[in-house]
1. Counting other beta carbons within 10 Å of each residue's own, what order do 96, 216 fall into, fewest first?
2. Amide H to amide H under 5 Å from residue 59: which residues, 5+ apart in sequence or cross-chain, H placed 1.01 Å off N in plane?
3. Can you list residues whose amide H is under 5 Å from residue 229's amide H, if they're 5+ apart or on another chain and H is modeled 1.01 Å from N?
4. Would you work out if region 132-171 is rounded, prolate or oblate? Take a ≥ b ≥ c from the square roots of the eigenvalues of the alpha-carbon gyration tensor; rounded if a/c is under 1.5, else prolate when a/b is larger than b/c, oblate otherwise.
5. If we count trypsin sites (Lys or Arg not before Pro) as exposed when they sit in a DSSP loop and have at most 14 other beta carbons within 10 Å, what is the longest stretch of the chain that avoids them all?
6. Which pairs in the list 11/51; 134/154; 134/156; 11/111 are over 29 Å apart, alpha-carbon to alpha-carbon?
7. Show which aspartates and glutamates lie in cross-link reach of residue 243 when reach means a straight Cα distance below 14 angstrom and same-chain residues fewer than eight apart are skipped.
8. Please compute the modelled spin-label separation between residue 88 and residue 243, points set 7 Å along Cα→Cβ, answer in nm with one decimal.
Amino acid sequence: MKTIVGNWKMKVGTRESVALARGTILALRGKKVLPDIVICPPYVALSEVRKVVVRSKVSLGAQNMFWEEQGSYTGEISSRMLLELGVSHVILGHSERREILGETDEMVNDKLRRAVHDGLTAILCVGENAQERKAGEARDRVAFQVQSALSGLKLKRTQKLFIAYEPIWAIGTGDSAFPVDAVEMHSFIRSLVKDLLPSANAGQVQILYGGSVEGENAYSFLREDEIDGVLVGGASVKLSQFKEIISSAIDIIEGQMGN
Ligand code: PGA
């Protein structure tokens, strides 16, 4: 199975989010096989988008959450609040939050443990910046992020975890990684996960690629066995692009079924 996650960031308000959600669902009509699809609108649009996707195969995700259960944390949103809105997935540790808002590896670990404990499916983002890549430190950086984030994590037997490999230099730049490089990093991440979560069963931890995935290049990532899906930013708020990405996943799933 392949998973397509749309990260709508702070790019759309409620009205546009509802329209995008409706358009996405319409595009799925009549399709016999589908990838898993998760859309992550801004917080303020979650409840309206929920009404659109509630009886569909599309899951609802949030873009962030806080690690405490409840209390005096002005402006923060708890996992329970998300669950109450019908949210099943949550993106954590996105590089924009790490870079712009100073989110540390420790905070990401706290958030991840809380999300998993409370039954949300987490989408943990990791990835090196351009400098680190140039200096040959990409693996070290990613290893550190994965190790810190998964420290003390207790995944339930039936609970999935997504790790999105998102090289920072590829995000929003139109300059995606080469699939071959993504594959290499994915298999490295998979080997880390084996050590860090030895009791996780096959397929329980899925690895997504993110960074300038568009309609045109989605197929080249999705066709790789090592790439369980894609996390899409900019192209996920352009309906025609997002539909094309979903179509690529459908082609691949159908091809796999035919084998
Ligand atoms: P992009 O963003 O697809 O616009 O590069 C990906 C992300 O930030 O999740």
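1. Neighbour counts put them in this order, fewest first: 216, 96.
2. For residue 59, whose amide H was placed from the backbone, the distant partners under 5 Å are 37, 38, 39.
3. Residues meeting the criterion, in which the H sits 1.01 Å from N, are 3, 209.
4. oblate
5. 158-259
6. Cα-Cα > 29 Å for 134/154; 134/156; rest within.
7. Cα-Cα hits under 14 Å: 36, 214, 216, 251.
8. Taking the simple label geometry, residue 243 and residue 88 are separated by 2.4 nm.
All of the numbers you see were taken from the coordinates with simple rules; none came from a lab. As the structure is a computational prediction, the values presented were derived from the model and not from experiment. For neighbour counting, all protein chains shown are included, and Cβ atoms are generated from backbone atoms with ideal geometry for every residue, glycine included.
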